[in-house]
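Working notes, structure below.
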Amino acid sequence: MIPRWVGHRALLAFAAGIYLVHLDGPFIYDDIPYIVENEDLRRLWSMDWLVAGGGEHAQVNGRPLLGFTLALNFAFGGLVVRGYHLVNIALHLCCGLILYAMLRQLLGRVDTVAAHAGELAFCSALLWMVHPLISEVVYYTSQRSAALMGICYLTTFYCFLRGINGGSHWLAVAVLCCATGMMAKEPMVSAPLMILFYDR
C-alpha cells in the first residue's frame, strides 16, 4: 500500500507541475462580468458581495463563500490575474487531496479491494486532478465555486465515513462542511442525499 505521505506529495507534484504554467492566463468568459466588472467585490468589509441579487453579478453575489474569496483576492492583489489563479490552483489541489483521503477510507471498507485501497485511491485522485475537463476550475477563474463546493462535498463525505466508526465530532464537522458548501454552489444540496444513499 502507498504510504499516505508519498501519495500526498506525488499528487501535489503532478498537479502543480501541470497547472502552475498557466498563472498569467487572462480572465475569460464570465470572469469579465463576475470579477472584472463586479464593483461589489471591491468593498470587502461592506459585504456587498453577500447580498443576493439578480443581474449580471447574481452568480457571484448569490454565493457568499465564492464572493468572499473573490473579494479577498481583490483586496490583496486587485485585478492581477496571477493571484486568482494561485488560489484556484490551491483549492484544486486541496480538493484532490481530500478526494484521495476519502477514497482511501471508502475503498478500505470493500473487502475485495481493501488491500489495494491506497493504490486505487491514488490513481483515481491523480486521474481526476489532471483530467482536461477538470482544468476548467483552474483556468476559468469564476469556476472557483465548483472547487469550493467540491472541497466541502468531499470533506462532508470523508467526515461521515470517519464518523460512522465512532466519534460524533466527525459527524458534527460533516454537517458544518455541508452547510458551508451550500454557500459555494447549489449542487451541494445533493450531498445529504448521497450520504443517505451510501448509508443505506
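For Val175, the test of being in contact with a Cys (Cβ under 9 Å, 6 or more places away or on another chain), outside any loop (DSSP other than H, G, I, E, B) and closer than 29 Å to Ile32 by Cα is failed. Remark: pairs (first residue in the range 7-18, over 13 Å from Tyr100 (Cβ atoms); second residue surrounded by 15 or more Cβ atoms within 10 Å (Cβ to Cβ) and not aliphatic (A, V, I, L, M); Cβ separation under 9 Å; 6+ apart in sequence or on different chains) = Ile18/Ser135.
For beta carbons closer than 9 Å, sequence separation of 6+ or different chains, a first residue in the range 166-194 that is under 21 Å from Leu66 (Cβ atoms) and a second that is open to solvent by less than 90 Å² (accessible area, probe 1.4 Å) and not in a helix (DSSP H, G or I), the qualifying pairs are Met183/Arg63; Ala184/Arg63; Lys185/Arg63; Glu186/Gly62; Glu186/Arg63; Met188/Met182; Val189/Met182; Ala191/Met182.
Scanning the range 70-88 for residues that are exposed (fewer than 13 other Cβ atoms within 10 Å of the Cβ) and small (Gly, Ala, Ser) yields one hit, Gly78.
Would you confirm whether or not the range 80-100 contains a residue that is free of Cβ contacts under 8 Å to residues at least 24 places away in the same chain and within 16 Å of Pro3 (Cα to Cα)? Within the range 80-100 (the criterion being free of Cβ contacts under 8 Å to residues at least 24 places away in the same chain and within 16 Å of Pro3 (Cα to Cα)), the answer is no, since none of the residues qualifies. Within the range 108-135, the set of residues being within 15 Å of Ile18 (Cβ to Cβ) and either in contact with a strand residue (DSSP E or B) (Cβ under 6 Å, 6 or more places away or on another chain) or surrounded by 15 or more Cβ atoms within 10 Å (Cβ to Cβ) (or both) comprises Ala125, Leu126, Trp128, Met129, Val130, Ile134, Ser135.
For the subset of the range 161-172 comprising residues that are open to solvent by 40 Å² or more (accessible area, probe 1.4 Å) and part of a helix (DSSP H, G or I), which member is farthest from Val87 (Cα to Cα)? Checking each candidate, the answer is Ser168. So which residues in the range 136-160 are at pLDDT below 90, open to solvent by less than 20 Å² (accessible area, probe 1.4 Å) and farther than 14 Å from Cys94 by Cα? Residues satisfying the conditions are Thr141, Ser142.
The values are calculated or read from the model by the stated rules, or taken from the named source; none is laboratory data. Predicted, not measured: the structure shown is a model, and the values here were computed from it. Backbone-built Cβ (ideal geometry, glycine too); neighbour counts: all protein chains shown. Just the protein is used for accessible areas: all its heavy atoms, side chains included, with ligands, DNA and RNA removed. Shrake-Rupley method; radii C 1.70, N 1.55, O 1.52, S 1.80 Å.
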